[in-house]
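Down below is the structure, laid out as C-alpha cells.
The values are calculated or read from the model by the stated rules, or taken from the named source; none is laboratory data. This structure is a prediction, so every number in the text was calculated from the model and none was measured. No Cβ is skipped: glycine too gets one built from the backbone with ideal geometry, and neighbour counts run over all protein chains shown. Only protein heavy atoms, including side chains, enter the accessible area calculation; ligands, DNA and RNA are left aside. Shrake-Rupley method; radii C 1.70, N 1.55, O 1.52, S 1.80 Å.
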Amino acid sequence: MPDEITETVVDSRITIRNLLHGEGSPFELAEDARKGLTSTPKTMQPKYLYDRHGSDLFEKITEQEEYYQTSTELEILRRIAPLIMDRVRPTALIEFGSGSASKTKTLLDEMRRAGRLEGYGMLDVSESALLAAADALVERYPRLQVVCEIADFEQPQPLPFPGKRRLLVFLGSTIGNFEVEDAKAFLRGPAERMHDDDAFLIGFDLIKDVETIERAYNDAAGVTEAFNKNLLTVLNRELGADFDLSAFDHRAFYNEPESRIEMHLVSRRPQRVTLIDLDLTIEFVAGESLRTELSHKYTRRSVEQLLEAGNLTLDMWETDPDGKFALGLARRR
Ligand SMILES: C[S@@+](CC[C@H](N)C(=O)[O-])C[C@H]1O[C@@H](n2cnc3c(N)ncnc32)[C@H](O)[C@@H]1O
C-alpha cells in the first residue's frame with residue numbers, strides 16, 4: 001500500500017485518489033520490466049498496455065466486428081440489469097478496471113430509474129480513461145458522486161462508500177487476464193471487504209470454438225496488433241529503451257490445455273535491446289517471444305470453482321443465447 005494517498009476534489013462531485021504514485025507504490029514499471037524481461041520466457045504484465053494511447057486503442061478494439069466480447073456482454077447486461085437491481089438494490093456501484101465505463105451506464109441508468117443512484121467508485125490504472133469517464137458521468141447523472149481511484153486492483157484497497165449497499169462490478173472478462181492463482185487472490189480482496197448485502201457482478205468470456213476466440217485477438221484492421229506493440233512504445237518512452245517495433249510480430253493464439261488466449265510479441269530476428277534507465281541489455285533469438293497478456297476462458301463449472309477459491313459463491317448466472325459470454329453475480333461465502 002502506498003504510504004501517501006493524494007486526494008483531489010475536482011468539483012463537489014468528483015474525488016480523485018491517486019494510489020499509484022505514492023511512496024512505496026507497488027506499481028513499478030522499472031522493477032517489473034527488469035524482472036519480466038530477464039525471466040525465461042520473457043513476460044510483461046498487461047496493466048502496462050494501458051497508457052493513454054493503449055486505453056484509446058482498447059476502446060477501438062471493442063468496436064471491431066471480431067471482438068464479440070463487448071457487444072455480447074452489453075446485450076446480457078441490458079437484459080438482466082433490472083433483475084440485478086431488484087435482487088441487490090444497490091445505492092452505490094464500484095467498478096474494477098472501469099476503462100471508459102460505457103457498458104456500466106446500463107447499470108447506472110437502471111439504478112437511476114429505481115431512484116437509488118448515489119455513488120459510483122471507479123478504479124483503474126489508466127488515469128486518462130478514469131478522468132474522461134468521470135467527466136461524462138457527472139454530466140449524465142446530475143446527482144451522482146464519483147470517486148476515481150487511480151490504482152492497481154491487484155493491491156487490495158478499502159472499498160469506497162462503506163455506508164451504502166454496494167454492487168461491485170468487474171466487466172470485460174478482465175478477470176481472465178490474471179494467472180489462475182492470482183485471480184483467486186484478487187477475488188479474496190473484495191470478498192473480505194464486502195458486506196453480506198453487497199454483491200459482485202463479473203463478466204466471463206466462455207470457452208467456444210477456437211476460431212471465434214482467436215479471431216477476436218487478430219482483428220483484420222490490426223488494432224489489437226497496435227495495442228500489443230504499444231507496450232514497446234511505453235518501454236521506449238518510460239525506460240529509455242530502443243525496441244524497434246517493426247522487428248516484432250503480433251501473435252495471439254489459443255492455448256487449449258490452459259483454456260486461454262496468449263498474446264505475444266515475437267522477435268523477427270536475433271536482436272539486442274538496451275533499456276538505458278535500467279542499465280540493462282537483453283537479447284532475443286529469432287522467434288523468441290515476449291508474452292504480454294493472458295485471457296482465460298471459462299465454463300460455469302470453472303467459474304464456480306474460481307469463485308469458491310476466492311471466498312465467493314455464485315448467486316446468478318446469465319449467458320447470451322449462443323453461450324459466448326456470461327455474467328455471474330456472486331456473494332460472499
Ligand atoms: C480489458 S479492459 C476492460 C475495460 C472495461 N471494463 C470493459 O469492460 O470494456 C481492462 C481495464 O482494466 C484496466 N486495468 C488493467 N490492469 C489493471 C490493474 N492491474 N489495476 C487496475 N486497472 C487495470 C485497464 O486500464 C482497462 O481499463
* Asked: R0 = 22 Å: FRET efficiency of D32 with L131, Cβ-based, nearest 0.05?
  -> 0.35
* Asked: If you take every DSSP beta bridge whose two residues both sit in the chain, what share of them, in percent to the nearest 5, is antiparallel?
  -> 60 percent
* Among the listed pairs K208/K297; K184/K208; K184/K297, which are separated by more than 19 Å between their Cα atoms? -> K184/K208
* To do: Express the relative contact order of segment 150-219 as a whole percentage, based on alpha carbon pairs under 8 Å and six or more residues apart in sequence.
  => 44 percent
* Ranked from highest to lowest mean number of other Cβ atoms within 10 Å per residue, what is the order of the peptides 201-213, 297-309? -> 201-213, 297-309
* Using a ≥ b ≥ c from the Cα gyration tensor of segment 98-168 (square roots of the eigenvalues), is it rounded, prolate or oblate, where a/c under 1.5 gives rounded and otherwise the larger of a/b and b/c decides, a/b for prolate? -> oblate
* Asked: Going by average Cβ neighbours within 10 Å, how do the peptides 131-143, 167-179 rank, with the highest at the top?
  -> 167-179, 131-143
* D244 paired with E214, simple spin-label distance in nm, labels 7 Å along Cα-to-beta-carbon -> 2.9 nm
* Name the residues whose placed amide hydrogens come within less than 5 Å of the amide hydrogen of L280, ignoring near sequence neighbours (fewer than 5 apart) on the same chain. => L275
* To do: State, as an integer percentage, the relative contact order of segment 92-157 based on alpha-carbon contacts under 8 Å between residues 6 or more apart.
  => 38 percent
* To do: Take the Cα gyration tensor of the chain, multiply each eigenvalue by 5, square-root it, and list the three semi-axes largest first, rounded to whole angstrom.
  => 33, 24, 18
* To do: Keeping every protein chain in place, order V125, V10 by accessible area at 1.4 Å, biggest value first, i.e. largest first.
  => V10, V125
* Asked: So what is the calculated 222 nm ellipticity per residue for the chain, using -39500 (n - 2.57) for each DSSP H run with n of 4 or more, over all residues, to the nearest 500 deg cm²/dmol?
  -> -10500 deg cm²/dmol
* Asked: Picking from R89, R269, R188, which is most flexible by a Gaussian network model of the chain using Cα springs under 10 Å?
  -> R269
* Structure fact -> So, relative contact order of the chain in percent, Cα under 8 Å, 6 or more apart, is 20 percent
* Which of rounded, prolate, oblate describes segment 1-130, given a ≥ b ≥ c as roots of the alpha-carbon gyration tensor eigenvalues and a/c under 1.5 marking rounded, otherwise prolate only if a/b is larger than b/c? -> oblate
* To do: Sort segment 57-107 into rounded, prolate or oblate with this rule: let a ≥ b ≥ c be the square roots of the eigenvalues of the Cα gyration tensor; rounded if a/c is under 1.5, and if a/c is not under 1.5, prolate when a/b is larger than b/c, oblate otherwise.
  => oblate
* Candidate lysines - alpha carbon under 17 Å from K35, same-chain residues fewer than 8 apart omitted -> K47
* Working out 0.36 nm times the residue gap between T6 and R79, then minus their Cα-Cα distance, what length gain in nm do you get to one decimal? -> 22.4 nm
* **Stretch gain in nm, segment V285-S302, where the contour uses 0.36 nm per residue and the Cα spacing is subtracted** => 2.4 nm
* Asked: What nm distance separates the two modelled labels at Q155 and M316, each placed 7 Å from Cα along Cα→Cβ?
  -> 3.4 nm
* What's the center-to-center distance, using Cα atoms, between segment 134-159 and segment 28-88 in Å? -> 17 Å
* **Total charge dipole magnitude, the chain, about the Cα centre, Cβ charges on Lys, Arg, Asp, Glu only, Debye to nearest 20** => 1000 debye
